[in-house]
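Read the structure below first, then the notes.
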Amino acid sequence: MALIRYTVIRFFGLIISLFVILSIVFFATRFAQLKHWSFPLDFPEQIEFVKNEYIRFIQNVFTRWDWGSSDGVPVWDLLKDTAPITLKLNLIAFAIYFTFGITLGFLTAFKAHTWFDKIMSFPVLVLGSIPSFIWIFLFIILFGYTLGWLPPRPPSVEEPMYWRLAGWVMPVGALVLAPLAKFTGMMRNELVDNFDADYLLLLRTKGLSRRQTMLRHSIRDSFVPIMPEIVPTFVFVMVGSFFVEMIYNMKGVSTLLFDAMFHPMIDFYYISIDTPMVVMICAFYATITLLFTFLVDVMYAVVDPRIRIGVRK
């Protein structure tokens with residue numbers, strides 16, 4: 001019952017947070033637009049003007065699911081065409097760096113202070129110190145153009161299936177390396193720190209092997225300090241995916257956001273904010289982040305019973 005109550009509270013908090021974020025983005029972009037175009041209204045009139053627009057916008061979203069249009073095209077339709085690419089890129093990357101990070105962390109902890117642990121420490125340090133946009137540049141130059149092993153740009157739909165699948169290797173790999181190193185190091189350190197815990201020593205004296213104590217008890221206890229890092233890491237990777245998509249020329253949400261904020265003029269870009277598109281894209285990113293936070297919070301309450309006890313109190 002306490003877990004259900006905690007889940008409901010967190011879900012309503014998610015809805016309120018999303019509403020507040022969208023409201024702030026709408027007002028910020030509209031006032032910036034009015035300021036940029038020197039709108040012929042004084043400040044009180046601008047406030048009244050934007051307030052009326054905001055009310056109409058909220059009514060259209062809740063009554064007709066109408067988020068506005070960009071150049072005559074509904075922004076919701078534009079998002080539907082590009083969002084699957086960004087979602088697939090980030091979810092595949094998360095599944096890889098979290099799963100393999102925890103697994104490698106367990107292996108290095110089990111072999112702590114051995115040659116395997118020492119060999120793994122160096123690549124973990126190197127991979128965690130290089131950002132994703134540097135990796136994607138290196139991958140394109142090395143594996144795309146120099147060696148020709150992978151497509152240097154996203155393959156078209158006419159290309160063979162294996163070549164289209166290969167087009168995901170470099171962008172996913174660029175996003176995976178830094179968080180993979182992070183979770184590997186965190187899991188390894190947490191498990192090693194727990195080796196000398198009193199309750200684990202007691203379990204060892206009762207006949208459990210080192211592997212049994214790690215699998216049955218240490219891993220779950222080590223997840224408690226690791227789980228708060230899942231959401232910030234996911235957000236960090238999602239921000240990095242913006243640059244990876246732009247560099248690799250993937251037609252994801254990053255392209256829509258760039259076009260909604262910058263317009264080309266001869267040999268440079270100037271700022272021109274498309275409010276409906278920017279609000280729609282911010283809603284997309286905010287929804288993903290808040291849903292991910294919600295799921296992690298619920299899992300956190302399952303892993304750590306103290307959360308449920310705190311809610312009950």
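When Tyr97, Tyr6 are compared by accessible surface with a 1.4 Å probe, the order from highest to lowest is Tyr6, Tyr97. Phi angles of the stretch 130-143 translate, via the Karplus equation with coefficients 6.51, -1.76, 1.60 and θ = phi - 60°, into HN-Hα couplings of 10, x, 5, 6, 6, 4, 5, 4, 4, 5, 4, 5, 7, 7 Hz per residue; Gly and Pro are given as x.
Taking every protein chain into account, the 1.4 Å probe leaves Thr114 with about 50 Å² of accessible area, to the nearest ten. Amide H contacts of Phe262 (H built 1.01 Å from N, in plane; Pro and chain starts excluded): Ser272 sit under 5 Å, all sequence-distant by 5 or more or on other chains.
Computed over protein heavy atoms with a 1.4 angstrom probe, the accessible surface ordering of Asp77, Asp274, largest first, is Asp77, Asp274.
Among the protein heavy atoms, those of Asp297 account for about 30 Å² of accessible surface (1.4 Å probe, every chain in place).
For the pair the stretch 48-82 / the stretch 110-138, the C-alpha centres are spaced 45 Å from each other.
On full extension, the segment bounded by Gln59 and Leu147 gains 26.2 nm, given 0.36 nm per residue less the C-alpha separation.
Quick check: from the Cα gyration tensor, does the stretch 50-208 come out rounded (a/c under 1.5), prolate or oblate? Since a/c reaches 1.5 but b/c is at least a/b, the shape of the stretch 50-208 is classed as oblate.
Couplings 3J(HN,Hα) for the stretch 274-279, derived from phi with the Karplus relation 6.51 cos²θ - 1.76 cosθ + 1.60 (θ = phi - 60°), are 9, 4, x, 5, 5, 5 Hz, where x marks Gly and Pro. Between the amide H of Ser70 and those of Val75, distances stay under 5 Å, these residues lying 5 or more places away or on another chain, with hydrogens modeled in the peptide plane. Protein-only accessible surface at a 1.4 angstrom probe places the residues Glu53, Glu158, Glu48, Glu229 in the order Glu158, Glu48, Glu229, Glu53, largest first. Given a 1.4 Å probe and the protein chains as shown, Ser69 ends up with an accessible area of around 60 Å².
Between Leu107 and Tyr162, the contour length at 0.36 nm per residue exceeds the Cα-Cα span by 16.6 nm.
The values are calculated or read from the model by the stated rules, or taken from the named source; none is laboratory data. Every value quoted in this text rests on a predicted model; they were computed, and no experiment measured them. Protein only, heavy atoms only, side chains kept; ligands, DNA and RNA dropped before computing areas. Shrake-Rupley method; radii C 1.70, N 1.55, O 1.52, S 1.80 Å.
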